[in-house]
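Read the figures in this text as sums done on the coordinates, not as results from a lab. Computed from a predicted structure; not experimentally measured. Quick reminder, even Gly has a Cβ in these numbers, built from the backbone with ideal geometry, and neighbours come from all protein chains shown.
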Amino acid sequence: MTSDAPVWPVVKRLFGEHAREYIPRYAVAFFFMAIVAGSTALTAWLMRDVINDVFVKQDRQALTWLPLVIAGLFMAKGFAAYIQEVLLSRIGNQIVAHMQKRLYDHMLRMDVKFFQERSSGELITRMSTNAQAAREMMNLLAVGLGRDLLTVISLFVVMALQDPLLSCVLIVVGPGAAYGMRQLSRRVKKVAGSEVNSMIQVVSTMRETTQGIRIIKSFQLEDKMREQMAACIEAVQRLNNKMVAVKARVNPLLEAAAGLAIAAAVAYAGWRTISHGQSPGEFFAFIAALLMAGEPLRRLSRLQLQLVTCAVQIKMLYDVLDTPAVEAEAQAKPQLVVRRGEVRFDKTSFAYTDNTPVLNELSFTAPAGKTTALVGLSGSGKTTVFNLLQDLWRPSSGAIYIDNQSIADVSLSSLRRQMALVSQDVFMFEGTVRENLVGALKDVSEDAVIAAARAAHADEFIRRLPQGYDTPVGELGGRLSGGQRQRLSIARAFLKDAPIILLDEPTSALDSETERIIQTALQSLTGGRTTIVIAHRLATVAQADVIHVLDQGRVVESGNQAELLRRDGRYARLHRLQFGDLAAQS
Ligand code: ADP
């Protein structure tokens, strides 16, 4: 096989990871493949007796047993082929399942940066198409090396026994054709790689469309999207056509070669029968074996091309698996112990991408058990503070402390356990309302769920849902209002009962009744807990114990509302800008 294709390293790794588990079952499959190969060769072998005994000698006994044996052989072959195929498919499906679970598990342990750097379409393709390639490769190898190779070898034995000289000629001619195949595989490898990439773009565009359909419609982006999609689809189509052309070129080549070989064999064998009086049986057995070897040989000759295609895809899968899982917990890290719950940023700097700093030596303290409001213009870095605090991203310099323990030095799971995020975009997974409230928490009693929902003023509307707490969230679709979602998010936080609350207030206004309910719920949630709130509401800032004004990733003013208004600086200006008339009324 060629050394430039990444086939063998991939095969070695795939086998290394899977073979041990599947060896017994592969062995059984190989046994049945041997039966397929053996019965095929025997059928060819029997052609000699069919011709010599039945037709030449006109032996009546042979006329009885030969058809029976032939029928039996074909049945045995059919049965063995069935078992082998079922076995292989099952192993293959298990390999796909295993790969997909492993990949998903790995992805979950990657940080947010990993997901930001890759489109979801790309990851979805890895998960589906590329994982399937693992099954295909194992099957290709098993069928290729097992059934086809065994069949070809046993047929060749038949040929060699019938006519050694002709068989030698075949051995010389065969490798020439193989060399031709190898040249073609280079092209296929290139085309296969770009095909997968184009497919990723189709999936990405589709995902953008489903997620942004409302924006697409309201901004009338249909034509633009159509063009974009058409370009992607056409690229895949072009590449597919190219691939077909490259692959299909193999067939006519083989066909021509086979024709020449058979023509030469007929001429030679006929001459031997006519001139040397050899019985025709051997010749027919030889030809039968040769013809029967055609199909498995053809498959074998395509094997490398197919393996290369698979290897390219599996390699992409391994690329993801080999990206170190950033969030894989270092076992040695100590647990975060929260006693009071003071949060402190100490000269923390951070940038999402290399060149645009988002936080500049940001320092501030959120006192334990108090409410700290972060205010500032959009883009000033408020959400980033939350991202860093949950260790979704890591600061480039400086540190973040919770009760004087640097969050970089404690275990990630203990850190995230101590915080509850109440945000404006409430993520709901497939499952019932109850399951969504409970989330990852263990041993949560029904009473606790209801108590949390009550405290969040969510119990009442949940009970009015078609199946109450058992209503599948998926069926609700967009039926939950913004206020209801917000209350579910608050109920979740109540259940989690974490000492630190991160609250991202909704930017869009709710009606005043809902607003009042939510405020009451939030007050009881945040009471006594360290709360950091990205504030958009006047009521929130007014009640906050400390307000930090952020500008370009720095705290530019701190104090409570009265102090800051008196100072008539940044906050006072922002206050007028954001709350305008509301502030005047209050
Ligand atoms: P705020 O919450 O105050 O509106 P953010 O913390 O969301 O501000 O954003 C601060 C800056 O960081 C903005 O310039 C924004 O464009 C940028 N930013 C936010 N999130 C990301 C991200 N995931 N990747 C790259 N840049 C980001």
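As a proxy for reagent exposure, Lys382, Lys77, Lys242 were ordered by neighbouring Cβ count within 10 angstrom, fewest first; the result is Lys242, Lys77, Lys382. Helical runs (DSSP H, four residues minimum) scored at -39500 (n - 2.57) apiece and divided by the length of the chain put the mean residue ellipticity at 222 nm at -21500 deg cm²/dmol.
In this label model, Ala76 and Thr210 are separated by 5.2 nm, measuring between points 7 Å along each Cα→Cβ vector. Helix 164-211 and the longest principal axis of the C-alpha atoms of the chain enclose an angle of approximately 20°. Our estimate of slack between Asp319 and His98, defined as 0.36 nm per intervening residue step minus the Cα-Cα distance, is 77.9 nm. Within region 19-72, the trypsin sites (Lys or Arg not before Pro) that combine a DSSP coil assignment with at most 15 other C-beta atoms in a 10 angstrom radius are Lys57.
Sorted fewest first by neighbouring Cβ atoms within 10 angstrom, Asp409, Asp53, Asp443 come out as Asp443, Asp409, Asp53. Close amide H pairs (under 5 Å, H built 1.01 Å from N) link Val358 with Phe350, Ala351, Tyr352, residues at least 5 positions away or on another chain.
Considering all different alpha carbon pairs of region 424-497, the Kirkwood hydrodynamic radius works out to 12.0 Å. The lysines whose alpha-carbon is closer than 30 Å to the alpha-carbon of Lys442, local same-chain residues fewer than 8 away aside, are Lys101, Lys113, Lys333, Lys370, Lys496. For the chain, the Cβ-based charge dipole about the Cα centre amounts to some 820 debye (Lys, Arg positive; Asp, Glu negative; other atoms uncharged).
Of all DSSP bridge pairs formed entirely within the chain, close to 55 percent run antiparallel. The amide H of Asp551, built 1.01 Å from its N in the peptide plane, has Val556 as neighbours under 5 Å, considering only residues 5 or more places off or on other chains. Would you mind classifying the chain by shape? Square roots of the alpha carbon gyration tensor eigenvalues, ordered a ≥ b ≥ c; an a/c under 1.5 is rounded, otherwise it is prolate if a/b is larger than b/c and oblate if not. The shape class here is prolate. Ordering Arg516, Arg492 by the number of other Cβ atoms within 10 Å of each residue's own Cβ, fewest first, gives Arg516, Arg492. Of the peptides 496-508, 152-164, 395-407, the order by per-residue mean of other Cβ atoms within 10 Å, starting with the highest, comes out as 152-164, 496-508, 395-407.
Relative to the longest principal axis of the Cα atoms of the chain, the long axis of helix 280-322 lies at roughly 10 degrees. Packing-based ranking of 6-15, 531-540 yields 531-540, 6-15, ordered from highest to lowest mean Cβ neighbour count within 10 Å. With everything on Cα atoms, drop me the angle between helix 446-455 and the longest principal axis of the chain, reported from 0 to 90° to the nearest 10. With rounding to tens, the tilt is 50 degrees. Residue-wise HN-Hα couplings along region 109-116, as the Karplus relation 6.51 cos²θ - 1.76 cosθ + 1.60 with θ = phi - 60° gives them from phi, are 8, 7, 8, 4, 4, 4, 6, 5 Hz; Gly and Pro carry x.
When only alpha carbons are used to place a centre, region 536-556 and region 103-151 end up 48 Å from one another.
With 23 Å as the limit on Cα-Cα distance, the pairs of Lys347/Lys382; Lys12/Lys247; Lys12/Lys315 that go past it are Lys12/Lys247.
In summary, the aspartates and glutamates within cross-link reach of Lys57, defined as a Cα separation below 16 angstrom excluding same-chain residues under 8 places away, comprise Asp49, Glu282.
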